[in-house]
Structures are given as C-alpha cells and as structure tokens.
Amino acid sequence: MKNKIQYDPNPMTKITDSQIRIFRGIKAIAAELKSVRKADTLLVLDCYPGVSEGEIEKIISGLDADLVIRSRDIFKEKEEIEDQMKYHLTEDRVFGRMYYGEIEDFMEPNKLQRARKRLQEHAGFRIVYGFGASLLARGDVTCYFDISRWEIQLRYRKGMENYKAENYQEDILKKYKRGYFIEWRIADKHKSRLFDKIDYYVDSNRDGDFRMLPGPAFLNALEENTKQPFRCVPYFDPGVWGGNWMEKTFGLAPASGNYAWSFNGVPEENSLLYEINGCQIEIPAMNLVLYAPKALLGEKVYARFGAEFPIRFDFLDTMGGQNLSLQVHPTAEYIKKNFGMAYTQDESYYILEAGENASVYLGLKEGIDKEAMLLELGKAQKGEGVFEAEKYVNTFPAKKHDHFLIPAGTCHCSGADTMVLEISATPYIFTFKLWDWGRTGLDGKPRPIHIDHGEKVIDWNRTTKWVEENLVNAVEIIQERPGMTEEHTGLHALEFVETRRFTLQDEVILSCHDSVNMLSLVEGEACVVESLDGSFAPYTVHYAEVFIVPCRIGQYKIRAKGEEIKILQAYVRV
C-alpha cells in the first residue's frame, strides 16, 4: 500500500519554551532536588505503583537527608491486604469488582500516625518517598514519579509484583486484574488530588533514564492538548489469533507472534508523547482526562461519566490469522451488579480491510434451542467435542467499510481475514468468551471461558431477521452535496456512541456535538484538520491513524489532500 509508511507510531506534541528546564537522569534530578534544600525542608517523592522505588532510592542517596521515611513501611502486611481485597479480587482469573476506596484503606493507622509524628518532631532535611507518600504530610517540595499502564503491564510480564503483593510469578491475568480493579483506581484518585501541588513531575517509564520537568510545565503540557487535535501513542500486542496486516502496513518490527490488536485510542491505557526543548517526555493520557475533564470531554459528557473517557478505538487484526473467540458483553444491569462498573461495553466492528472469505459472526439463528446451545458450549469447554458455532450463530460476509453494530448481549466475533477498527464504550476488559475454538493462549494456558456469565446476559431475541435489520450496515445518508457525503453508520439506538462517516473530495466543517470526538481516516492517504479561528495549527492525519478532538474546540474543518477520503467520527450522544 502506498500509504503504509505514513503511519506514525510515535505521535508527539511539540512544546518550545526556553524557560522549561528538563532534568534527565539520576544525577541531574538529584542535583536539582538537592538545590531546594533549606534548613528545614520536607521533600515528598510520591509515585504511581509500578514505578521502580529502587531508582527513586538512587536519587535519595545523593541528597544527604536527615530523615528518610518509606511509605511502603506504613502499609499493612501482605496477608492483611490480600484478605481486605478478597471480595474485590474474587477467585476468577479475569474479573474482579471495582474498588472505590482510598490508599489509606491499606495503610496501618498506628504506623501512619507514628510516621506523621516523627516528621513533626524531626527537624532538618526530611524525605518521604513511595506510593502514597503525600498522605504522610504536605511537602514543602513535592515530586511525582509517574508511569504508563502499558509499561506496568510489560513489567508484570517480566515478573514485577503488584504493590506489596510478592506475587512475582503469578498469572499475568491476575496481576492485571489487581491493577485494573484496585491499584490503578486508588492511585488515579490520589494523583488527581496532587496536580496543583506537584513542584516536579518525573517520567519514570525507563529505568536509568528518568526525565523530570517542573510541575507547572507538566500541567501546561496537558492544557495544550485540550486546545488542539492530538493522538495517543499506540501499542501493539501479539495474540493467538493475530494476523499480519498491521505489521506489514505500519512497518512494525516482527513480533514473537502475530500482532493481534492495537490500543490506539484508549486514554486509560495509552500515553501522550511531548517533545519539550528537544527532550521526549511520556505522560499517561489518563492524566489529561483527570486534569481537564470538562475541556476534553465536554460538560455534558463529564456530567454523565465523570472523569472517564467513554469512547474507545482499537484494532483487531485477523488478516492471515484466526477467528476471535465467540463472545458476548454484559448488559448495563449485569456489569453494575456484579462488577461495580457504571456502564458496559457496547461496541461495533468497522471493517478497514477484508480478505475474500472474511466474515463476522453476529447474533443467533432463528429458532435455535437455547438449552442445546448452552449444553454444547459446556461440553466443548470440558474438551468433550467441538462447538459448532455456525449451527447457532449467524455469519455475515464482511467487506471493506462494512459496519457491524454490537450492542451488549449480542453474541459475536470477527472471523479470520478481517482488519477491524473496533469502536466501543471503554470498559474493555468485560468480554465473556463462550468458545475459543479449542485454543490455548501464547502462554500455553487455556484462555479463560466464561459461559457462566455469558449465559446470563445473552439476548436470545437477537436473531437473524432482527440482526439484519438493525446491526448490519444500518447506514443512513444525513446530507449530501457535490464533494461531500455524510452518513450515519451507527451505533445502534441502544448504544450511546454515535458514528458518522464523511466521504470527501474537498472539505467539511464538523461539530463536536457537545462531546469529545474520536476519529480515524479509514480511506485515503492523508487529510488535514484545521481550526476555524486559527487557534491551532493545521494537523495532518494519515491512513488508519486515530485522533482525538477535544470538546472545547467546538467546530473544526477536515480537508482532503487531493484525493477522495473517508473519515469516521465518533462522539457521545448527549
């Protein structure tokens, strides 16, 4: 493809300000922090769980402190923490229950009180460091060490423990579950309260190469992203069903297994890259959601979801690969009662590319026997035969630019030889696999199957006729003129995300519709996003790149660059 080398895997926001000083490496950071030392100074070095405290300790060793307190020592013992988490962790490999408490819930009250007393009674240069360090006392100087969730997941795979868990060799899915349902929730809540107190912010994604900038510069960088279109940094991960389209098209380095998916529009998981005076700084994109939710999401979306990014774009690649698992997502009622989530994973498959025999499994066939289907699924899970999916589930041929809508409760999966742009609500962890074609994961272990959950949420009325009328290419022309066609392609009325497809030969002015917008160029080599009032510089987007337009922009222009293009826009119906 002529556009394959245009895809930028490391999109950056450039900030040029000679007044911003970047401190790179242990020695430079230690020297700067030492320079703030006075006769009686409390330095707080707080961090996100997953940051290497060993690296922080290297910095501390060069500071000549009179008193050092480690927050880890204030936490309860491992066994007590695990007992306290038991209800939220559950026995399941994948699913837990959302925890809405605080970091202090896992600290020992007496130890916390004694530590606070020591800080009050001890004069001189004092340091408190580690996860939740700011809870011990308000620092004269506060430094925050941050890390992306994707880097945390990679470290889990390499043997890193969950916080104070000593579960170095535990199942990666269970480590991820503990992070997702508990650690990251309390850490984000804590971090969001510190934004206006941070004197220094440290990008801690690379051990041995920490990068620190002043707190105001960190907040100003986030503010910049509310004023212009931007892209998150995508990541790509192998999977048992993975294909080869992304590797070939995007020029990715070969993986140990075929790339199965890419998260490229998921602020909870992705990062933002900044180039500040020639130095690259990586910041979790979730920080932007937490710091400026109204400007980014829009007041109506914020009122509905809070500081959460409700739309997700990601890629599923089975070109030259295999079928995804046959699956179903929970209803809103089920996910709330069982997992503590405020909304569920409604979604859709937009077909970017497709092979000759590509197909999508969607909805149930007319007149099937529910009990017989569940019985056969159960037997297949036990290894007592193969589940004949086509006997119960519809298959529809898939071609480029088809759009299949998948409201929660609908049985579905992508077949082999499809390249899917998945557009969905963000609770992406909640996939109930019903059948996985007898495969094991890349780790050699059976992939989790959740028929027990799935059977409780399948909508048995989503059968062939209803699916054909409601979920397969439910396209409606909104407006049409020479050089531009606007179409509604989804999602279904049961889902809160609206998608519009614009086919352009010239240009069109788009509205944000009182919502954050997420978009992707699904046909054509490139397009340009322009401000109507010159408030941001023209922004070029290449084929298959996913980008975000903050709600505060209101209106913006998309301009084709010499050829017909198609761009897909998603926003929250408010």
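Estimated from the Cβ-Cβ distance and a Förster radius of 56 angstrom, the FRET efficiency linking Asp171 and Glu507 is about 0.65. Please give me the summed charge of the neighbours of Leu421: other residues whose Cβ is under 13 Å from its Cβ, Lys and Arg +1, Asp and Glu -1. Around Leu421, the surrounding residues sum to -4.
The residue among Gly383, Ala332, Ala354 whose Cα reaches farthest toward the positive pole of the charge dipole of segment 300-399, with charges on the beta-carbon of Lys, Arg, Asp and Glu, is Ala332. Other residues with beta-carbon under 12 Å from the beta-carbon of Asn110 carry, at +1 per Lys or Arg and -1 per Asp or Glu, a net charge of +4. Counted residue by residue at 0.36 nm each, then reduced by the alpha carbon distance between them, the extension gain from Glu525 to Tyr87 reaches 152.7 nm.
With the convex hull drawn around the C-alpha atoms of the chain, the volume per residue stands at 149 Å³. The alpha-carbon positions of segment 390-458 define a convex hull whose volume is 130 Å³ per residue.
Each Lys or Arg adds one and each Asp or Glu takes one away; over the other residues whose Cβ falls under 11 Å from the Cβ of Ala285, this sums to -1.
Rg/Rh for segment 340-416 (Cα atoms only, Rh after Kirkwood) is 1.03.
The spacing between segment 332-366 and segment 463-502, judged by their C-alpha centroids, is 16 Å.
Dividing the Cα radius of gyration of segment 421-574 by 2.2 N^0.38 Å, with N the residue count, gives 1.29. Divide, for segment 435-494, the radius of gyration over alpha carbons by 2.2 N^0.38 Å, where N is the residue count. That works out to 1.83 for segment 435-494.
Take the Kirkwood radius over Cα pairs of segment 34-135, plug it into Stokes-Einstein at 25 °C and 0.890 mPa s, and you get 160 µm²/s for translational diffusion. Surface composition of segment 8-117: carbon and sulfur make up 46 percent of the accessible area, probe 1.4 Å. Per residue, the chain exposes 39 Å² of accessible surface when a 1.4 Å probe is rolled over the protein heavy atoms with every protein chain present. For Thr16 and His492, the difference between the fully extended length at 0.36 nm per residue and the C-alpha to C-alpha distance is 167.0 nm.
Pairs of lysines in segment 117-211 whose Cα atoms sit within less than 17 Å of one another amount to 7, provided the residues are eight or more positions apart or on different chains. Here's the picture: charge each Lys and Arg Cβ at +1 and each Asp and Glu Cβ at -1 in the chain, and of Ala115, Leu434, His542 the one pushed furthest to the positive end of that dipole is Ala115. Every Cα-Cα pair of segment 261-351 was included, and the share exceeding 21 Å stands at 50 percent. Taking the Cα centre of the chain as origin and assigning +1 to Lys and Arg Cβ atoms and -1 to Asp and Glu Cβ atoms, the resulting dipole is close to 1300 debye. Taking 0.36 nm per residue of sequence separation and subtracting the Cα-Cα distance, how much length would be gained by fully extending the chain between Val475 and Glu57, in nm to one decimal? Length gained, Val475 through Glu57: 144.7 nm.
Once both labels are positioned 7 Å from their Cα atoms along Cα-to-Cβ, the gap between Lys465 and Lys227 label points is 5.8 nm. Take Asp207, project a point 7 Å from its Cα along the Cβ direction, then tell me which residues of segment 34-55 have their backbone nitrogen under 13 Å from it. Those under the cut-off are 50-55. Two decimals is fine: what's Rg over Rh for segment 282-327, C-alpha atoms, Kirkwood radius as Rh? Result: Rg/Rh = 1.22.
The values are calculated or read from the model by the stated rules, or taken from the named source; none is laboratory data. Values in this document were obtained by computation on a predicted structure and should not be read as measured data. Backbone-built Cβ (ideal geometry, glycine too); neighbour counts: all protein chains shown. Protein only, heavy atoms only, side chains kept; ligands, DNA and RNA dropped before computing areas. Shrake-Rupley method; radii C 1.70, N 1.55, O 1.52, S 1.80 Å.
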